[in-house]
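The structure appears below as structure tokens.
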Amino acid sequence: MRNYDVCGLGNAVVDIFLELEEAEFGGLGFEKGTMRLVDLQEQQQLLARFTDMPHELQLVSGGSVANSIIGLSQLGGRGAFIGCVGDDRYGLHYVEEFQSLRINMGNPVIFGQSTGTCVALITTDAERTMRTCLGVSSHLSDKHVDEERIAKSTWLFIEGYVFANPETGQHAIRKAIDIAKHHGTKVAVTCSEAFVPTVFGDAFHDALKSTDLLFCNAPESQAITSTEASTAAFHALRGMVPNCVVTDGPHGAFVRFDGEEVHVPAFSCHPKDLTGAGDMFAGAFLYGITHGYSPAVAARGANFLCSKVISQIGARLQLDALPLWEEGIEVNRADDVGG
């Protein structure tokens, strides 16, 4: 029996959101819209800079694939997650939140270690600039991979960022894929960032050989296929992976799944924070295809939830997800919903 719709494998990171005026952001000297890895000391110094100022630090448990599993859970899907946290305040916050979301994390706490954090600086133009300290999340290795949870899941969903750790993360990915294939669990992979297939291409492309479904955005798809347009990349991916989704922001999403190929338009909105759009899409799409919806309807619902996520601050949807899903798929619902 499959107890879970999706089991995620990824970095467990607490997102710390901070809204800044342009002048405040300019004083940091950061390049807007970038994500950079930092060590624990540098992250602590950045947070200390705002401790005595009138800023509210919003803590939300996340990480790329973790956000997707949360989205799936908010819709009523059954999720599990494999990742590592420390025994500090952030790690305990993470475990408590996942318990409240009914996501099976197993026993992720590693004593004496610091939990990964991502400081997301949100400016008035809806751009996010991130500084990420992976902490103990980067210790994720094959010894943490739980065979039972993968075996009891319909899908295994692997985070691209984990490829960026050849010493431990890549071993975890290989073991997880081997377990999935042994138990008939389908494998999905999200690219996470364009640098993943560029810098860690051998491991990434090796995993693609065993992947049933790939999620990537337009720049990532072009990096994987060495093409210069999302449409060309989508076609090139036909020869690399059986099913794929290429999201392209306001231009919608290209979907090929279970023999169906379709382009699904985006929904117009007024973005406040682009954090987590791709994560929500993946989680909602996986919810759709595991709950009897056609690929086109699943992508439509996912696009609608994305429009709601980027219209707020933070990667986690703050409204009830299922009514929004129903609203998003309402058009032609009777024709497109599967058994």
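The values are calculated or read from the model by the stated rules, or taken from the named source; none is laboratory data. These figures come from a predicted structure and were not determined experimentally. So basically every Cβ, Gly included, is an ideal-geometry build from the backbone, and we count neighbours across all protein chains shown.
Taking the options Arg128, Arg102, Arg149, name whichever one is under 16 Å from the mean Cα position of the chain (by Cα) and either over 27 Å from Gly33 (Cβ atoms) or at pLDDT below 90 (or both).
Going through Arg128, Arg102, Arg149 in turn, the sole match is Arg128.
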Check your understanding: Taking the range 165-193 as the search range and keeping residues that are touching a Leu at 6+ places or on another chain (Cβ under 8 Å) and either among the acidic types (Asp, Glu) or part of a loop (DSSP other than H, G, I, E, B) (or both), which one is modelled with the highest pLDDT?
Key -> Thr185
**Study point:** In the range 130-151, the residues that are touching a Gly at 6+ places or on another chain (Cβ under 6 Å) and among the β-branched types (Val, Ile, Thr)
**Key:** Val136
Review point. How many of the residues in the range 17-33 are touching a helix residue (DSSP H, G or I) at 6+ places or on another chain (Cβ under 9 Å), part of a loop (DSSP other than H, G, I, E, B) and either without any contact (Cβ under 8 Å) to a residue 12 or more places away in the chain or hydrophobic (A, V, I, L, M, F, W, C) (or both)?
Key: 2
**Study point:** Single condition Ser226 does not satisfy, out of (1) farther than 22 Å from Ser307 by Cβ; (2) surrounded by 17 or more Cβ atoms within 10 Å (Cβ to Cβ); (3) among the polar types (S, T, N, Q); (4) without any contact (Cβ under 8 Å) to a residue 40 or more places away in the chain
**Key:** (2)
Review point. Has the range 107-121 got at least one residue that is surrounded by fewer than 20 Cβ atoms within 10 Å (Cβ to Cβ) and under 19 Å from the mean Cα position of the chain (by Cα)?
Key: no
Exercise for review: For Asp206, state whether it is in contact with a Ser or Thr (Cβ under 9 Å, 6 or more places away or on another chain) and either more than 27 Å from His251 (Cα to Cα) or not charged (D, E, K, R) (or both).
Suggested key: no
Point to revise | Residues within the range 183-207 that are in contact with a strand residue (DSSP E or B) (Cβ under 7 Å, 6 or more places away or on another chain) and of a type in the set (A, V, I, L, M), tallied | key: 4
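Taking the range 194-209 as the region of interest, how many residues are outside any helix (DSSP H, G or I) and farther than 14 Å from Asn165 by Cα?
So the first thing to find is which residues in the range 194-209 are outside any helix (DSSP H, G or I), and the list is 194, 200, 209.
This time we only want the ones that are farther than 14 Å from Asn165 by Cα, so: 194, 209.
So the answer is 2.
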**Study point:** strands (runs of 3 or more DSSP E) completely within the range 235-274 that count 1 or more residues being surrounded by fewer than 20 Cβ atoms within 10 Å (Cβ to Cβ) and charged (D, E, K, R)
**Key:** 260-264
Review point. Of (1) in a helix (DSSP H, G or I); (2) farther than 30 Å from Ala203 by Cα, Ser137 satisfies all except one. Which?
Key: (2)
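Before we move on, is Val162 outside any helix (DSSP H, G or I), modelled with pLDDT of 95 or more, among the β-branched types (Val, Ile, Thr) and buried (at least 24 other Cβ atoms within 10 Å of the Cβ)?
In short, no.
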